[in-house]
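Below: one structure, written as structure tokens.
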Amino acid sequence: MTINILTLTREWRLQVLAPLTRLFQKETRDDQIKSFISLAGVPLLAIIAFLLLWGGAASHIDTSLGKVPGPVKVWEQTLQLVEEHIQERAKEQGFYQRQEQRNQKILEDNPEAEVKIRPYTGKPTFFDQVWTSILTVLTGFIVASFVAIPVGIVCGLSTVLYRALNPLIQIFKPISPLAWLPIVTMIVSAVYISDDPLFAKSYVTSAITVTLCCIWPTIINTTVGVATIDNDLINVSKVLRLNWLTNVYRIVLPSSIPMMFAGLRVSLGIGWMVLIAAEMLAQNPGLGKFVWDEFQNGSSDSMARIMVAVLAIGIIGFVLDRLMLMLQKMVTWDPQAIIR
């Protein structure tokens, strides 16, 4: 299966720029207007309607922290979070500059002196926490995928193994992350013991919880995809007398990719939702902890900042799903099988 990444990337860019390229083509004005309304106008109207409904409803709801913040208030807090991030990065840069100047002065007085660079320990900003959450969910998702895809392939190829594992899959699949988290926390605390750990325990706990919750959709969809391969392809494999690994690489994987990626996209979405709850309880410094800290803070701006985090969670989830869709387009042999 050959993948022309350059060609696919070029095609994707052309699709994104389609509304602009239409302006330079010999289309009638009516066709251009209809195309613009379909591609940009309808979503834009929906967003405007949502913002108006949100702003109108928010002004009539009172809470213990005051009125529910509307779009304007949330936007102001977004800009405030950006400003806080810029200020924190400036403090970090100044911290390292002062250390460097001090170390240079020490070396001037004593060239053989040992100097140290101490890490900056300032409070993580909102954008630092966003990055932590993305890194955590990708860690859990990648680990889950490396386990789920081989298990799904084997279950799809072996009826006996599928019957053996299916009860366990169905039992563990509906378990809530809130049930897994205490167990994972205790096991990590007992096993992951080090004076200088490579990763924080809260990060490991959150990543493992994400893995345990997003592994099942990929297993199930991969199993279904492998089990429903066309009989003609199976017969071709038998005629060519392909060994097991060659059969999986040449026949099974290309045929089951659409269903496999459907499971991966569902798993990534579940993992992203699970992560927020896991970070709240494990106190991993990500978006979940940001929401919890603002809830505990109880200031007049807390609800608006929580809404900024909620919107960020939704936007990032959408972007992650689109990235998975792009990856699927790069590796699938049947573009019509992609679920948009």
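Quick notes
- Filtered by the rule that a residue be surrounded by fewer than 13 Cβ atoms within 10 Å (Cβ to Cβ) and farther than 13 Å from V151 by Cα, segment 164-174 gives P167, Q170, I171, P174.
- Residue satisfying all of: in segment 81-110; of a type in the set (V, I, T) and modelled with pLDDT of 85 or more; nearest to F290 (Cα to Cα) among these: V82
- Scanning segment 147-174 for residues that are without any contact (Cβ under 8 Å) to a residue 12 or more places away in the chain and within 20 Å of V274 (Cα to Cα) returns Q170, I171, P174.
- Considering each residue of segment 198-205 in turn, at least one proves to be under 19 Å from G271 (Cβ atoms) and free of Cβ contacts under 8 Å to residues at least 12 places away in the same chain.
- Checking segment 229-244 against the condition returns a match, with at least one residue being among the hydrophobic types (A, V, I, L, M, F, W, C), closer than 30 Å to L320 by Cβ and either touching a Ser or Thr at 6+ places or on another chain (Cβ under 7 Å) or surrounded by fewer than 17 Cβ atoms within 10 Å (Cβ to Cβ) (or both).
- Listing of helices (runs of 4 or more DSSP H) fully contained in segment 208-318 that carry 3 or more residues being under 15 Å from the mean Cα position of the chain (by Cα) and either farther than 22 Å from P177 by Cβ or among the hydrophobic types (A, V, I, L, M, F, W, C) (or both): 253-282
- Residues of segment 48-88 classified as more than 28 Å from D128 (Cβ to Cβ), assigned to a helix (DSSP H, G or I) and free of Cβ contacts under 8 Å to residues at least 12 places away in the same chain, total: 7
The values are calculated or read from the model by the stated rules, or taken from the named source; none is laboratory data. Here the structure is a predicted model, which is why all the values come from computation and not from measurement. Reconstructed Cβ throughout: ideal geometry from the backbone, glycine too, with neighbour counts over all protein chains shown.
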